[in-house]
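A short write-up of the structure that comes next.
Derivation of every value follows stated rules applied to the coordinates shown; laboratory data play no part. Here the structure is a predicted model, which means the values were calculated and not measured. As a convention, Cβ positions derive from the backbone with ideal geometry for all residues, glycine included, and neighbour counts pool all protein chains shown.
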Amino acid sequence: MSGRILVVDDEPQILRALRASLRGAGYEVDTAETAEGALTALAVNPPDAVILDLVLPDGRGTDVCRELRTWSRVPVIVLSVVGDEDEKVAALDAGADDYVTKPFGIDELLARLRAALRRGEGAGESVVEVGELRVDLEKRAVSVAGRPVQLTPHEFGLLRVLARNRGKLLTHAMLLREVWGRGYDGESHYLHVYVSQLRRKLEPDPARPRYILTEPGAGYRLHDAERS
Amino acid sequence: MAGADDAPRLAAGSTVFPVRIRADLLVGVPAAAGAVVLVTAAVDVLDPHVPILSLGALYVFAVLPVALFFGTGLAVLVSVASMLAFNWFFLPPRHTFHLRESGNWLALTVYLGTAVVVSALAARARRRRQDAEQRRAEAHALAETASDLLRGVDLEQEAVRLAELAGGVLHLDAARLEFGEVAPAPGERALPLAVGLRPVATLLADERAELDEGVARRFLPALAALLAVVVDRSALESEALEAEALRRSDALKTALLRAVSHDLRSPLTAILAAAGALANPDLRLGPDDREALVGAIREEAARLDRVVGDLLDLSRLEAGAVDPHRELWPADELVARALESVGDEGGRVIVELDEGAPPVLVDAAQIERVLANLIGNALAFSPPRSPVVVRVEPGTTELRVHVVDRGPGLTPAEREAIFRPFRRGTAAAGAPRGSGVGLAIARGFTEANGGELWTQEDVAGGHFVLALPVAARPVGV
């Protein structure tokens with residue numbers, strides 16, 4: 001795996017550890033310690049992915065994310081801490097692709113980073129396969145272990161959004177907006193009901209979902225085979 | 001004539017205000033006698049020119065004022081005295097009390113009737129005036145109490161003033177007021193102030209004091225109702241205060257937890273990431289990277305240790321469990337040791353010592369912490385490579401250590417707030433590192449050692465002054 005990663009954090013020792021680790025994993029590494037520095041680095045020398053701390057001395061990572069999304073689709077992984085769930089969800093809604101919670105293992109961060117970079121490449125696939133689940137986005141056909149499954153339009157809409165963003169964490173607000181349209185952002189219960197219906201039709205054991213995963217307090221994602 | 005020996009009899013009739021009546025009689029009896037003498041003289045002067053019987057009406061001028069000012073008793077005496085004087089001096093046969101004509105009897109009866117009626121009217125007016133004044137005093141007292149109490153004064157303090165006020169209205173000497181139901185002490189009588197069945201307060205007065213029951217029945221319930229409102233309000237206020245105190249302590253705990261979680265998690269994150277990278281066989285780490293990862297682990301572990309130490313110190317200081325071991329120390333040694341603990345950054349510090357500075361009487365380890373925290377703070381909040389000055393200034397009773405940086409300085413609001421735990425200056429955006437308790441700990445240790453720590457206004461930047469006590473007598477001489 002190769003590519004250039006911009007790491008944004010104001011803790012010098014975290015920068016130091018990430019720089020060495022990412023270099024060891026074969027990435028080039030740029031660093032920034034402030035929101036302003038991050039936006040400058042992003043504009044001057046666009047990286048392949050961004051690792052972004054949510055708390056920066058001159059602003060919030062969420063604002064950097066929002067600003068960045070007006071002109072770039074570069075994958076963004078935010079670093080959050082337990083107790084700041086709202087900020088994490090705000091960052092995801094503002095366009096971040098994924099998050100890891102401090103303190104994190106380097107393996108976990110590297111896996112998320114690989115998934116984020118791969119999504120950037122693999123966009124536009126018409127067939128998504130996860131284990132025995134097969135979703136044909138063009139033919140609107142879904143099957144589990146070769147057996148076709150009938151889905152309602154909303155169920156399929158939900159699965160399609162998840163499949164297109166395979167491995168990416170999608171917040172409640174994003175899913176509601178994509179499937180039901182604007183104005184439904186706050187209706188999380190719709191989502192919970194449809195996700196549980198989908199799981200009953202798709203999952204071998206709906207109580208222990210393997211395909212549609214819940215990120216507590218944040219949203220849902222479709223399982224990404226590589227990260228298992 | 002109405003004599004002074006009549007006075008005791010009159011006074012005995014009135015038990016409510018015996019003292020005031022006696023004082024009145026001292027003026028009243030001579031005045032009454034004077035009035036009778038004066039009118040008799042006037043009648044004598046007019047006697048040759050006017051029919052004597054019509055002149056008798058002049059005695060009304062003696063009876064009327066006495067009735068108005070001194071009451072019925074004296075007025076009746078004056079009218080009898082007037083009648084006798086008129087009879088004796090002017091009615092034939094003169095210089096006897098015999099009356100030749102029955103018409104004279106009639107005249108005398110009229111004078112007497114006039115005296116009684118006028119004085120009764122006057123007395124009634126006087127009673128009404130007194131009553132109105134009493135009610136006005138009560139209303140005034142209640143209004144004053146209401147405005148005072150509702151303005152929110154201290155209840156216990158106000159009890160003294162209220163007792164005086166109530167004593168004044170009820171004409172009770174030495175009254176005191178206590179909240180709640182109180183048993184009277186020996187020699188006291190208790191007047192309960194209650195709203196319905198709920199006792200609010202007790203007014204305690206001298207047992208022998210005369211109480212006007214009517215006034216008491218009217219005034220005490222009103223005062224009790226007022227006090228009940230205020231007592232309730234005061235209880236609510238103290239409940240609100242307690243709730244506020246709890247809320248603040250919760251806010252402090254939340255701040256503590258947030259600070260602790262941030263300050264512990266940041267180093268942990270670096271350590272965990274670095275250790276994970278070192279342990280991962282798939283990563284191809286060069287010697288530099290390996291060294292960087294190991295360095296990050298070492299330094300962040302040391303930082304964790306400092307954070308934990310700071311938190312422990314803070315909790316000991318807040319619990320008052322700091323026990324300084326005070327000895328005499330030269331200031332330059334304390335500064336040198338503090339600089340050592342600051343590390344490489346200490347190279348930016350310019351030390352200005354005074355060779356004549358007296359030694360200070362402090363716990364060396366604690367004051368070293370204070371200095372290290374002050375210097376560390378100055379280094380963190382000033383631009384890189386700008387100097388930090390530590391200046392030692394001797395005084396007679398204290399030694400002052402100034403720590404001056406070229407950072408953004410502090411706003412007036414921050415200058416005191418910065419010594420509270422988990423507060424940082426707002427201008428600190430560039431370098432908000434550290435646990436946020438360093439200055440709180442510095443002040444805690446300083447005060448435990450009998451010193452003072454404050455910030456001083458300085459256009460150049462941050463300016464902290466540490467004052468430490470010097471030994472009472474010079475040592476080694």
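Summary of computed values
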{"quantity": "Charge tally in the Cβ shell below 10 Å around A:Val29, where Lys, Arg are +1 and Asp, Glu are -1, A:Val29 excluded", "calculated": "+1"}
{"quantity": "Cα-based equivalent ellipsoid, chain B: semi-axes from gyration tensor eigenvalues, Å", "calculated": "97, 26, 19"}
{"quantity": "Extension gain (nm, one decimal) between B:Arg218 and B:Ala125, 0.36 nm per residue minus Cα-Cα", "calculated": "31.3 nm"}
{"quantity": "Segment B:Asp458-B:Ala336, extension gain: residue separation times 0.36 nm, minus the distance between their alpha carbons", "calculated": "41.4 nm"}
{"quantity": "Per-bin percent of Cα-Cα distances, region A:127-227 [10 Å]", "calculated": "16, 54, 28, 2"}
{"quantity": "Angle in degrees between helix A:153-164 and the longest Cα principal axis of chain A, rounded to the nearest 10", "calculated": "40"}
{"quantity": "Where trypsin sites (Lys or Arg not before Pro) fall in DSSP loop in region B:124-225, at most 15 other Cβ within 10 Å", "calculated": "B:Arg151, B:Arg208"}
{"quantity": "Simple spin-label estimate for B:Thr411 and B:Ser54 in nanometres, 7 Å along Cα-Cβ", "calculated": "9.8"}
{"quantity": "Per DSSP, loop trypsin sites (Lys or Arg not before Pro) in region A:1-91 with at most 13 further Cβ within 10 Å", "calculated": "A:Arg73"}
{"quantity": "Additional length obtainable on full extension of the chain from B:Asp173 to B:Asp206, 0.36 nm per residue less Cα span", "calculated": "11.2 nm"}
{"quantity": "Theoretical FRET efficiency, 1/(1+(r/R0)^6), r = Cβ-Cβ of A:Ala145 and B:Leu268, R0 51 Å, to 0.05", "calculated": "0.75"}
{"quantity": "For residues of B:280-288, the mean tally of beta carbons on other chains within 10 Å", "calculated": "4"}
{"quantity": "Top of A:Glu36, A:Glu85, A:Glu138 by mean-square fluctuation, Gaussian network on chain A, Cα under 10 Å", "calculated": "A:Glu138"}
{"quantity": "Prolate/oblate/rounded label for region B:257-337 (Cα gyration tensor, a/c 1.5)", "calculated": "oblate"}
{"quantity": "Distance cut-off 13 Å, percentage of C-alpha pairs in region A:2-44 lying past it", "calculated": "50"}
{"quantity": "Straight-distance crosslink candidates among aspartates and glutamates, where the alpha carbon sits under 20 Å from A:Lys139 and sequence neighbours closer than 8 are dropped", "calculated": "A:Glu125, A:Glu129, A:Glu155, A:Glu178"}
{"quantity": "Filter on A:Lys102/A:Lys201; A:Lys168/A:Lys201; A:Lys102/B:Lys253 - keep pairs with C-alpha separation over 24 Å", "calculated": "A:Lys102/A:Lys201"}
{"quantity": "Most mobile listed residue (A:Asp98, A:Asp30, A:Asp53) in chain A, GNM with C-alpha springs under 10 Å", "calculated": "A:Asp30"}
{"quantity": "Three-way shape call for region B:327-469 based on the alpha-carbon gyration tensor, with the a/c threshold at 1.5", "calculated": "prolate"}
{"quantity": "GNM top mover of A:Ala41, A:Ala96, A:Ala207 - chain A, alpha-carbon springs below 10 Å", "calculated": "A:Ala207"}
{"quantity": "Centre separation in Å (Cα based) which lies between region A:7-21 and region A:104-180", "calculated": "31"}
{"quantity": "Chain A: angle of helix A:106-122 to the longest principal axis, Cα-based, in degrees nearest 10", "calculated": "70"}
{"quantity": "Total formal charge among the other residues, if their Cβ is under 13 angstrom from that of B:Ala448, Lys/Arg +1 and Asp/Glu -1", "calculated": "-2"}
{"quantity": "Sites A:Thr40 and B:Glu345 - FRET efficiency at Förster radius 35 Å, r taken between beta-carbons, to 0.05", "calculated": "0.80"}
{"quantity": "Distance in nm between pseudo-label sites at B:Ser238 and B:Trp105 (7 Å out along the Cβ direction from Cα)", "calculated": "7.9"}
{"quantity": "For region B:341-405 versus region B:106-135, the gap between their alpha-carbon centres in whole angstrom", "calculated": "92"}
{"quantity": "Rel. contact order, % - alpha carbon contacts under 8 angstrom, at least six apart, region B:160-281", "calculated": "17"}
{"quantity": "Mean Cα-pair separation over length for chain B, i.e. relative contact order, pairs under 8 Å, 6 or more apart, %", "calculated": "8"}
{"quantity": "Helix B:18-46 axis, angle to chain B major axis (alpha carbon atoms, nearest 10°)", "calculated": "40"}
{"quantity": "Relative contact order, percent, chain A [alpha-carbon distance under 8 Å, six or more residues apart]", "calculated": "14"}
{"quantity": "Taking the C-alpha atoms of region A:4-122, convex hull volume expressed per residue in Å³", "calculated": "93"}
{"quantity": "Backbone HN-Hα couplings from phi across region A:83-95 [Karplus 6.51/-1.76/1.60, Hz, Gly and Pro as x]", "calculated": "x, 10, 4, 4, 5, 4, 5, 4, 5, 5, 4, 7, x"}
{"quantity": "Spherically averaged projected area in nm², based on the convex hull that wraps the Cα atoms of chain A", "calculated": "12.5"}
{"quantity": "Rough spin-label spacing in nm, given labels placed 7 Å along Cα→Cβ, for A:Glu215 and A:Glu187", "calculated": "2.4"}
{"quantity": "11 Å beta-carbon shell around A:Ile14, net charge (K/R +1, D/E -1)", "calculated": "-2"}
